[in-house]
Structures are given as structure tokens and as C-alpha cells.
Amino acid sequence: INFRILRRGSMFVISDRQFRKLFHLADDYRAERMLDLGAGDGATTALLASMFDYVHVTEMSWPMKRILAARGFTIEDVEGWSQRPDGYDVICALNLLDRCSRPLTLLEQMKTVLKPNGLVLVALAWPFRPYVEFSPTGDHQPEQVLDIDGQSFEEQAVSMMRNVLKPLAFRVVSWSRLPYLCEGDLERTFYHLNDMIFALKLD
């Protein structure tokens, strides 16, 4: 069963207060433009939206796109968002890099449209287990594999920073462990997982 068709799969990752804390921002922080990649139904996007004049999103699922449009967010093409000439102040990729086929390409694209002094927020579910719903080959495996090793939360988080983020010139402002609450299915009301979350800037 595809629970996105049933309009299930809503998630909570981070609040606006937690966002400001991770980046050491003032309570009155405000910026012009945010992009939330793979925004789902926009539940987490909506919690951050008040800090921005314009909120843009991408999403593969048509039912989720309808929900995002109803929330008033600007939906960008999944292939064209990285061509925006004026860029973004903040880019979020929450529980996306382990669900897309080319995560390294995605990180590189984020760098090209990030404004000077822009912020990037990345979250990965722990333990790291890539699964691509829309994989080109149909085997649900990514074309590009993130070099994340270890078993414990700390081992995988450190590996992500050392092997993936640092070589791509991302500087870690802070990182943390946050609960990831996702609306469930016919068997469970919701799932409680853990996220590795990284607040980033470019070197």
C-alpha cells in the first residue's frame, strides 16, 4: 500500500525554535527565501515558514504536491530547482538523502543555489539504511551511495561529517540527535525514529 496516496506519511522533524538553536540564531531571525527539498505534506515546512518571506518546496508525490499547494507553498520542479538565479537563504533536506538516488549530486546542487552565508539543514534517519522509492532500476537502491559507516548513532554521524560533508566543503555549525515522528500505517499509529541532524554552512 502506498500511504502517500492515502495522504498518510506526515512527519515532524524540527520546530522553528530548534532550527534557530542549531544555527545559533536570534529569536527574531528572518530571511527572504527557503527551499524544502522533498517536503512531503509540508508539516515540518509549515513550522519553519514564518521565518521566511517566500517558501519553496519540491516533492515527487502528486498527492503531496496537492497538499503543499493548498498550504500556499511554491512548488518547484524536481529537476529545475537548482537553476534558480537568485538562490535561497536556507535549504532543507530532511530525511531525503537516504531516500534519493543521487544524494551526492543533490548536495552539490544545493551549493550552487545557496546564497552567500546561506544555511543548509540536513537530516538522516538512524540507523542509515538507504531506500529509494522512485529508483531508476526498480531495485530501490541509490545510484550514489553515501560513505557512512559504523553502527552506533555517534559513529554514523561522525562518518557522515568526515566522509560526506567535509569533502563537499560543508562546515558543520552544530549537529544533534532529534526524534523523528512519522505518521504510521494500518499497523501502527505513528513511528518514532531518531534523526541525525546537521546544521551546515559552506566553507
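Could you say whether any residue in the stretch 23-35 is closer than 23 Å to Leu165 by Cβ and without any contact (Cβ under 8 Å) to a residue 12 or more places away in the chain? Checking the stretch 23-35: at least one residue is closer than 23 Å to Leu165 by Cβ and without any contact (Cβ under 8 Å) to a residue 12 or more places away in the chain.
Annotation note: of Glu133, Glu187, the sole residue that is closer than 26 Å to Tyr88 by Cβ and either at pLDDT below 95 or acidic (Asp, Glu) (or both) is Glu133.
Figure legend. Inter-residue proximity from the stretch 160-189: first residues at positive phi, second residues part of a strand (DSSP E or B) and at pLDDT 90 or above, beta-carbon distance below 7 Å, spacing 6+ or different chains. Indicated pairs: Ala169/Leu202. Scanning the stretch 38-47 for residues that are of a type in the set (Gly, Ala, Ser) and either under 16 Å from Gln18 (Cβ atoms) or without any contact (Cβ under 8 Å) to a residue 24 or more places away in the chain (or both) returns Ala43, Ala46.
For the stretch 113-134, name all the residues that are open to solvent by 90 Å² or more (accessible area, probe 1.4 Å), of a type in the set (A, V, I, L, M, F, W, C) and not in a loop (DSSP other than H, G, I, E, B). Even if it seems obvious, please write down each step before you answer.
Initially, the stretch 113-134 is screened for residues open to solvent by 90 Å² or more (accessible area, probe 1.4 Å), giving 116-117, 129, 131, 134.
Remaining after also requiring of a type in the set (A, V, I, L, M, F, W, C): 134.
Those that are open to solvent by 90 Å² or more (accessible area, probe 1.4 Å), of a type in the set (A, V, I, L, M, F, W, C) and not in a loop (DSSP other than H, G, I, E, B): none in the stretch 113-134.
Taken together, the residues in the stretch 46-92 that are of a type in the set (Gly, Ala, Ser) and either within 14 Å of the chain's Cα centre (by Cα) or open to solvent by less than 40 Å² (accessible area, probe 1.4 Å) (or both) amount to 6.
For every residue, the table says whether it meets (1) over 16 Å from Arg33 (Cα atoms); (2) touching a residue at least 24 places away in the same chain (Cβ under 8 Å).
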{"site": "Ala49", "(1), (2)": "no, yes"}
{"site": "Tyr54", "(1), (2)": "no, no"}
{"site": "Pro63", "(1), (2)": "yes, yes"}
{"site": "Arg99", "(1), (2)": "yes, yes"}
{"site": "Leu107", "(1), (2)": "yes, yes"}
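Taking (1) over 27 Å from Thr112 (Cβ atoms); (2) at pLDDT 95 or above in turn, Pro167 satisfies each apart from (1). Taking (1) assigned to a loop (DSSP other than H, G, I, E, B); (2) among the hydroxyl-bearing types (Ser, Thr, Tyr); (3) closer than 28 Å to Val158 by Cα in turn, Thr137 satisfies each apart from (3).
The values are calculated or read from the model by the stated rules, or taken from the named source; none is laboratory data. This is a predicted model, so every value here is computed, not measured. Quick reminder, even Gly has a Cβ in these numbers, built from the backbone with ideal geometry, and neighbours come from all protein chains shown. Side chains are part of the model used for accessible areas, which takes the heavy atoms of the whole protein and leaves out ligands, DNA and RNA. Shrake-Rupley method; radii C 1.70, N 1.55, O 1.52, S 1.80 Å.
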